[in-house]
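Written below as structure tokens is the structure these notes are about.
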Amino acid sequence: MSKSCEQIVNDFVENGYRGKDCRSVLRALICCCMPNADADKLAKNLSANKSLANIVDIPQKQLVEKYGLDEAAALLINCLPDILFLYRSKKSREAIFNVGDACEYFKEILASARVETLLACFIDNDLHVVNCEVINVGSIDSVGVRPLRIIRAAGMGHSKFAFIAHNHPISGARPSNEDIFVTNSVKQILSQIGIRLLDHIIVSGSGETYSMKRAGHIPLVDTMS
């Protein structure tokens, strides 16, 4: 590793990523994958007039051919949103006491997702998250329900209560007719195995949230058959 790269990596090891600008973050990532490269030059070229959010969406081939990264560095940069998404979706033992908590919990997980993604989240009697699973990953404007995966995730959670959530990457958080249908469908699936659906949260790409319960699509008091 070059002396320059070693200094950059050591700085991030000691001080972390907080407060660093886009170019500094890219420099550190490039150093980890390309220890003998001119990381400063590559990061400067890559970050010119671009935010980190835009950079991670540049295709891997273009990162290699146009910006001079090797395949490992390009792959790491492309995978950042997915790595973050997986980390956030596996967070557990957080408490969801009300609609506001649910909206914040799912906004943190879903706001950066680039395609529609459906989650099922199961909570215990103390309202702590015991299991949160990705049920399905769809396209930029739709995602389907996978009943068997919901049932399997429910079995791992050993819970009587659940939330579901999905995102709208390119539109607002208001539900479509299909979203309302999905809510009723999942509610019925869960009720058959003794689990009450508490809410369905929708998160827009800008971070706006929508609660199906608050809007009246899920009754405040529910009697399961």
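The values are calculated or read from the model by the stated rules, or taken from the named source; none is laboratory data. All values derive from a computational prediction rather than experimental measurement. For neighbour counting, all protein chains shown are included, and Cβ atoms are generated from backbone atoms with ideal geometry for every residue, glycine included.
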Next on the checklist: Among (1) modelled with pLDDT under 85; (2) hydroxyl-bearing (Ser, Thr, Tyr); (3) more than 29 Å from VAL56 (Cβ to Cβ), there is one condition SER159 misses while meeting the rest; what is its number?
Outcome noted: (1)
Checklist entry - Which pairs do you get when a residue that is outside the structural domain of ASP21 (by TED's automatic domain parsing), found in the stretch 41-64, comes within reach of a residue that is polar (S, T, N, Q), reach meaning Cβ atoms under 9 angstrom, with the pair 6+ apart or on two chains? => result none
Next on the checklist: Give me the residue from the stretch 138-150 that is of a type in the set (A, V, I, L, M, F, W, C) and part of a loop (DSSP other than H, G, I, E, B) and, out of that set, farthest from LEU127 (Cα to Cα).
Outcome noted: ILE140
Checklist entry - If you check every pair at least six apart or on different chains, which have Cβ atoms under 9 Å apart with a residue in the stretch 180-201 that is basic (Lys, Arg) first and a residue that is surrounded by fewer than 18 Cβ atoms within 10 Å (Cβ to Cβ) second? => result LYS187/ARG196; LYS187/ASP222; ARG196/LYS160; ARG196/ASP222; ARG196/MET224
Item to check | Selection count, the stretch 24-44, where residues are surrounded by fewer than 16 Cβ atoms within 10 Å (Cβ to Cβ) and assigned to a helix (DSSP H, G or I) | outcome: 2
Checklist outcome for this item: Sole miss for GLY172 among (1) assigned by TED's automatic domain parsing to the domain that holds THR117; (2) touching a helix residue (DSSP H, G or I) at 6+ places or on another chain (Cβ under 9 Å); (3) in contact (Cβ under 8 Å) with a residue 24 or more places away in the chain is condition (2)
Item to check | ALA113 being of a type in the set (A, V, I, L, M, F, W, C), surrounded by 21 or more Cβ atoms within 10 Å (Cβ to Cβ), at pLDDT 90 or above and touching a strand residue (DSSP E or B) at 6+ places or on another chain (Cβ under 6 Å) | outcome: no
